[in-house]
């Protein structure tokens, strides 16, 4: 099993290109099932989760082609992928495929909307909470689907197509909003989605569906209205920049020190996180090409945060921010409101010398003067990169095990950090 070795203590200086957002690319790829024409996606990151979803879509009969490189493109500039679902041969998504990635469960929506049936295994994924699919099932039932759970599978059917209706989510759910949008796009009549997720990735999906012929208003607000159409067509769409990768590298610079420009990204995608970062004493400046992050070696100020749905502080940056706070001057409080089991990185940060106390959904972090390198174990995607951030600032060598989690969500991480001066290398098993 691969390991990453980091020798800390070197400031980061240079340029880091930001990849396309994994959390946007996955629902966009799934949306290809809504049409028999080709959906071309630009700026798709090269990640394990993308490869896994490609295999799942291929199992349904979706043709997948990666367009060859163009002048100026590198392994970090994203790939162009063409997906064509003109000959879907199977509306079943088996356990052995769906269990590798939770988001693949969302195929239930376009399969049901376009073909009137779907049989999809209950999902697997990161062990950061139960994340049940009940709200996703509820959304489909509001549109007239008949659904039963049989042998670990969700079996969904509709006799005469889906019908528009009102979907009111009791709590904000990104996955539920994705599913509702895709299903409603081909439903007969009008669908109103209340308490919809406002995340940029939801907006990106809506914009792509509109290019495909969908009629959607209100994406990015709590109320989305979808007027169903009889068919969708092909389109070309560029995946938006990854705001979580942006925030991760911004926090890495804030912790290790230095001066880095994050290129091909947008500050409006993560204002809340950048505002919090600026409060720690880090200089955050928008540029024509992205965002400049600078810390000149002054101490890190302790700041309290609470995770919330967009536009609040992202739960996907909680672990990275906690790593930063381990070296802050004073005490910080980090409250996790989205997932009930997302503090698994705490014990691993403690192995580096961090002082963190857990009180239910609250982590109390007492800043220390220094961290010291040690062997640590990655537990999930975001937790694993928090250990990378901590390792960049720790004295001596940090060895991170089970880094396959990193490969699910961070494209060319060692190369991007290495070009900015980090002493980081991967040791192959």
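Residues that are modelled with pLDDT of 95 or more and in contact with a helix residue (DSSP H, G or I) (Cβ under 8 Å, 6 or more places away or on another chain): find the strands (runs of 3 or more DSSP E) completely inside segment 157-247 holding 3 or more of those. Give the steps one after another, and end with the answer.
Working: elements: 166-168, 190-194, 215-217, 223-227, 235-238.
It comes to 235-238.
Let's see how each residue does on (1) in a strand (DSSP E or B); (2) in the same structural domain as residue 309 (by TED's automatic domain parsing); (3) in contact with a strand residue (DSSP E or B) (Cβ under 6 Å, 6 or more places away or on another chain):
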position	(1), (2), (3)
337	no, yes, yes
344	no, yes, no
348	no, yes, yes
353	no, yes, yes
358	yes, yes, no
369	no, yes, no
383	no, yes, no
387	no, yes, yes
391	no, yes, yes
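Looking only at segment 281-325, how many residues end up being assigned to a loop (DSSP other than H, G, I, E, B), closer than 23 Å to residue 10 by Cβ and out of contact with any helix residue (DSSP H, G or I) (no Cβ under 6 Å at 6 or more places or on another chain)? Give the derivation first.
From segment 281-325, those assigned to a loop (DSSP other than H, G, I, E, B) are 281-282, 287-289, 296-299, 302-304, 308-312, 314; that's our starting set.
Now narrow it down to the ones that are closer than 23 Å to residue 10 by Cβ: 281-282, 296-299.
Those left that are additionally out of contact with any helix residue (DSSP H, G or I) (no Cβ under 6 Å at 6 or more places or on another chain): 281, 296-299.
Qualifying residue count, segment 281-325: 5.
I'm checking my understanding of the structure. Among residues of segment 87-104 that are within 23 Å of residue 174 (Cα to Cα) and in contact with a helix residue (DSSP H, G or I) (Cβ under 6 Å, 6 or more places away or on another chain), which one is surrounded by the fewest Cβ atoms within 10 Å (Cβ to Cβ)?
Looking at the filtered set, the residue picked out is 100.
Does at least one position in segment 186-193 carry a residue that is in contact (Cβ under 8 Å) with a residue 60 or more places away in the chain and surrounded by fewer than 17 Cβ atoms within 10 Å (Cβ to Cβ)?
Our first condition is that a residue be in contact (Cβ under 8 Å) with a residue 60 or more places away in the chain; within segment 186-193, this holds for 186-187.
Now restrict to residues that are surrounded by fewer than 17 Cβ atoms within 10 Å (Cβ to Cβ): none.
Checked against the condition, which is being in contact (Cβ under 8 Å) with a residue 60 or more places away in the chain and surrounded by fewer than 17 Cβ atoms within 10 Å (Cβ to Cβ), segment 186-193 yields no hits at all.
The values are calculated or read from the model by the stated rules, or taken from the named source; none is laboratory data. Everything numeric in this text was worked out from a predicted model, so none of it was measured. When we count neighbours, we look across all protein chains shown, and the Cβ atoms used for this are built from the backbone with ideal geometry, even at glycine.
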